[in-house]
Amino acid sequence: MPTQRKIFTVQNLAEKLKQAKAFVLTDYSGLDVAQINELRREVKKSGGEFEVVKNTLLRLAAKNGEWKMENGELSGPTAVLWLYSEDLSPLKAFSNFIAKTELPKIKFGFWQEEMISPERIKELMTLPSLTELQAKLINTLKSPGLGLVNVLGGNLRKLVYILKVKGGE
């Protein structure tokens, strides 16, 4: 007989599966509690969530949704990186943590309701985040205007230099 706590956990996971735009399943073995908490803080700052889950409960939560996971795919210690928006900032924070510690190991993930491999997830980690793309766009749009102002101001500067030279004679 399932306990009330497990029922609540399955319902909570099912709700997260509905809200998530994407998620990455990882094997967190080798990480201590302090490292997991540090990873949670970094991911939460960037708008995501990192959570240790039980495979059985995650499988039960996914059974009714659009995320299809086979029994063999979920094995060993599992933690989930939840991405609730199209922004890849949580994935970047996760990538930075992996670069420092070489853990956790990526099992697989889901992006736009399709399963993606660890290699594809690593490709997504290298893409710039939404804020980085917005900053690049603003700089690109701003630079022609600055160039035009510079060119137009150049003629006025030349006129001022000529007047200074003529006035000094």
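The values are calculated or read from the model by the stated rules, or taken from the named source; none is laboratory data. Predicted model only: the values in this text are computed from it and were never measured. Here the Cβ positions follow ideal geometry from the backbone for every residue, glycine too, while neighbour counts run over all protein chains shown.
Among the residues that make up the range 140-162, is at least one of them of a type outside the set (V, I, T), assigned by TED's automatic domain parsing to the domain that holds L39, over 28 Å from E15 (Cβ atoms) and assigned to a helix (DSSP H, G or I)? No, the range 140-162 contains no residue that is of a type outside the set (V, I, T), assigned by TED's automatic domain parsing to the domain that holds L39, over 28 Å from E15 (Cβ atoms) and assigned to a helix (DSSP H, G or I). Out of curiosity, is P118 free of Cβ contacts under 8 Å to residues at least 40 places away in the same chain, touching a strand residue (DSSP E or B) at 6+ places or on another chain (Cβ under 6 Å) and under 20 Å from S29 (Cβ atoms)? The answer is yes for P118.
One line per residue, one yes/no per condition, for (1) closer than 30 Å to R41 by Cα; (2) touching a strand residue (DSSP E or B) at 6+ places or on another chain (Cβ under 8 Å):
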site	(1), (2)
W111	yes, yes
E114	yes, no
L133	yes, no
L146	no, no
N155	no, no
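Number of residues in the range 12-35 that are closer than 21 Å to I121 by Cα, crowded, with 18+ Cβ neighbours inside 10 Å and free of Cβ contacts under 8 Å to residues at least 60 places away in the same chain: the value is 1.
Of the numbered criteria (1) at pLDDT below 85; (2) of a type in the set (A, V, I, L, M, F, W, C); (3) exposed (fewer than 10 other Cβ atoms within 10 Å of the Cβ), the one V149 fails is (3). Elements of the type helices (runs of 4 or more DSSP H) sitting completely within the range 1-90 and holding at least 2 residues that are among the β-branched types (V, I, T) and in contact with a helix residue (DSSP H, G or I) (Cβ under 9 Å, 6 or more places away or on another chain): these cover 4-19. In this structure, is F94 modelled with pLDDT of 85 or more, assigned to a helix (DSSP H, G or I), under 18 Å from A20 (Cα atoms) and of a type in the set (F, W, Y)? Spelling it out, F94 is indeed modelled with pLDDT of 85 or more, assigned to a helix (DSSP H, G or I), under 18 Å from A20 (Cα atoms) and of a type in the set (F, W, Y).
Entry remark, the range 128-139: residues being surrounded by fewer than 12 Cβ atoms within 10 Å (Cβ to Cβ) and part of a loop (DSSP other than H, G, I, E, B) number 0 in total. Of all the criteria given as (1) within 22 Å of L127 (Cα to Cα); (2) surrounded by fewer than 18 Cβ atoms within 10 Å (Cβ to Cβ); (3) small (G, A, S), the one not satisfied by G76 is (1).
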